[in-house]
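The values are calculated or read from the model by the stated rules, or taken from the named source; none is laboratory data. Bear in mind the structure is a predicted one, so any value in this text is a computation, not a measurement. Positions of Cβ are backbone-derived with ideal geometry, glycine not excepted, and every protein chain shown enters the neighbour counts.
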Amino acid sequence: MNRKTAFAAAFFVMSATPAAAQPMAIGQTTQETGLEGAPVGPGLGIALGDPAGIALSMRPGDWTALQGTVGWSLSKSRLHLSADYLRNLVLFESESTPELRYPLYVGIGGRLLLAATDDDRKAINQGTSLGLRVPVGIGLLPRSQALDVYLEVAPVLLLLPDVRAGWDATLGARIYPWGRGKGLDEDR
């Protein structure tokens, strides 16, 4: 192959594929994932930490959410059930990552720990307990992907069987495949 033919072939290949070489807009994907849209509606995911288990959420918009966790308390070795109402205090945004928002939130809710066996119930502080939670956390909310990631700490005021303090700490992620929204700030 001579130089002219090689140059012509290279020019043809480079000019025939300009779309592949174009930069993509932030948040644009090359293929549909099924999770396009803001995280709105019911969500399902995983919680890691104490408790560890299934993370549930109902997010009507950007500013409020209901969340629940069904899992296992690693520190107490008991079934953990919790439910909270959350309110974003502020949605941080960055010019360097315009497709991401970082909500700082606080909430109020309840926690129930259930003892697994009769031996657990007999141990000190290992019986079934009920308490109030005040979760405080920061999250990551993409504008164009129906998912969220969060880091949360929740002081707990245990009310039953006796009054004392406790803590929950969780890192979690949820997807929102059934309720992808396009609008933002719907429930402010």
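For the reader, a short list of remarks on this structure follows.
- Strands (runs of 3 or more DSSP E) (entirely within the range 36-78) containing at least 3 residues that are of a type in the set (A, V, I, L, M) and surrounded by fewer than 23 Cβ atoms within 10 Å (Cβ to Cβ): 41-50, 52-59
- The number of residues in the range 140-174 that are of a type outside the set (D, E, K, R), buried (at least 20 other Cβ atoms within 10 Å of the Cβ) and modelled with pLDDT of 95 or more comes to 5.
- Restricting the range 79-117 to residues that are within 16 Å of the chain's Cα centre (by Cα) and among the hydroxyl-bearing types (Ser, Thr, Tyr), the residue that is surrounded by the most Cβ atoms within 10 Å (Cβ to Cβ) is 82.
- Any hit, the range 74-82, residues being under 19 Å from residue 173 (Cα atoms) and modelled with pLDDT under 90: yes
- Restricted to the range 123-154, and to residues there that are part of a strand (DSSP E or B) and within 18 Å of residue 79 (Cα to Cα), the residue that is nearest to the chain's Cα centre (by Cα) is 154.
- Of all residues in the range 112-126, those that are out of contact with any His (no Cβ under 7 Å at 6 or more places or on another chain) and modelled with pLDDT of 70 or more total 3.
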